[in-house]
1. List the number of the failed condition for ASN120; all other conditions in (1) more than 18 Å from the chain's Cα centre (by Cα); (2) without any contact (Cβ under 8 Å) to a residue 40 or more places away in the chain hold.
2. From the set of residues in the range 100-141 that are in a helix (DSSP H, G or I) and basic (Lys, Arg), which is most open to solvent (accessible area, probe 1.4 Å)?
3. Assess whether LEU67 counts as being under 21 Å from LYS183 (Cβ atoms), of a type outside the set (Lys, Arg) and surrounded by fewer than 17 Cβ atoms within 10 Å (Cβ to Cβ).
4. When you check VAL11 against the structure, is it in a strand (DSSP E or B) and touching a residue at least 24 places away in the same chain (Cβ under 8 Å), yes or no?
5. Is it true that ALA34 is within 21 Å of LEU143 (Cβ to Cβ), hydrophobic (A, V, I, L, M, F, W, C) and not in a helix (DSSP H, G or I)?
6. Suppose we filter ASP167, ASP156 for residues that are at pLDDT 85 or above, open to solvent by 30 Å² or more (accessible area, probe 1.4 Å) and in contact with a helix residue (DSSP H, G or I) (Cβ under 9 Å, 6 or more places away or on another chain); which single one remains?
7. Would you mind finding the one in GLU17, GLU92 that is modelled with pLDDT of 95 or more and in a loop (DSSP other than H, G, I, E, B)?
Amino acid sequence: MAIKHNRFKDVSWYSEEPKPVLLGGAGGISSWTALLLTRANFSCIVYDADLYEEHNMSGQFVSQANLGMPKVESLFKDIKAFTGDEIIPMNEWFTAESMSNEIMVGGFDNMEARKLFFYNWLSYVNDKPKDERKDCLFIDGRLLAEQYQILSFTGDDTEAMDKYQSDYLFGDNEVEEAMCTLKQTSHIAAMIAARITTFVTNHVVNMKFGRVIQKIPFFYEEYAPLLMVTEKSAQDGNQQSV
């Protein structure tokens with residue numbers, strides 16, 4: 001065991017053999033998620049054919065020196081520097097012919113990509129024996145500058161999958177367009193990545209014990225401004241800390 005994993009070697013989800021997670025996209029959601037999953041000793045396969053541009057610095061895990069590089073190549077370099085481990089970079093768009101995986105996390109910013117990613121995973125699930133479908137996990141992350149949503153379900157949860165398709169896979173023309181300056185911030189992107197990583201580790205625990213021990217909600221949302229501290233409580237906190 002690597003010494004760097006010593007502080008969490010006894011948690012139920014940890015395995016010395018890295019479990020693969022397939023990430024769609026390498027933007028605000030997936031770049032931070034890849035960093036955190038790799039730190040937790042998961043093996044990340046990341047699909048994206050885009051290049052890093054300067055405006056990506058506001059919300060994505062990217063170093064200034066890598067601007068202009070393919071996103072997955074930049075992510076490979078930065079994660080190697082931060083963790084000592086490597087992702088598997090796929091410098092191409094995710095398509096219907098792309099590989100599938102037991103655990104897939106989508107970090108896309110458009111509905112067509114989400115649909116393609118989901119139906120790729122669903123085909124993978126349907127090819128597995130029914131008693132093994134519970135081991136499959138799908139996560140769809142959605143991100144704005146001060147808000148995020150996560151949709152999650154396992155391969156045996158047909159009710160959740162039906163609800164996801166009917167209520168959450170609508171057309172891009174039905175999505176309210178946010179101003180380009182309201183789409184990403186690094187701290188909210190890091191927040192959704194941390195929550196996604198928690199859902200993945202919860203799933204691995206449930207797989208290990210063969211039952212739901214650590215809950216993974218179908219729908220999870222956080223809106224940062226609702227967490228504002230009132231002036232009075234802030235004053236009370238300052239008084240208590242003196």
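The values are calculated or read from the model by the stated rules, or taken from the named source; none is laboratory data. None of the values given here were measured: they were computed from a predicted structure. We place every Cβ from the backbone using ideal geometry, glycine too, and count neighbours over all the protein chains shown. In case anyone asks, the SASA skips ligands and DNA or RNA and just uses the protein heavy atoms, side chains included. Shrake-Rupley method; radii C 1.70, N 1.55, O 1.52, S 1.80 Å.
1. Only one criterion is unmet by ASN120, namely (1).
2. If we take residues in the range 100-141 being in a helix (DSSP H, G or I) and basic (Lys, Arg), then LYS130 is most open to solvent (accessible area, probe 1.4 Å).
3. yes
4. no
5. So ALA34 fails the test.
6. Only one candidate qualifies: ASP156.
7. Exactly one of GLU17, GLU92 is modelled with pLDDT of 95 or more and in a loop (DSSP other than H, G, I, E, B), namely GLU92.
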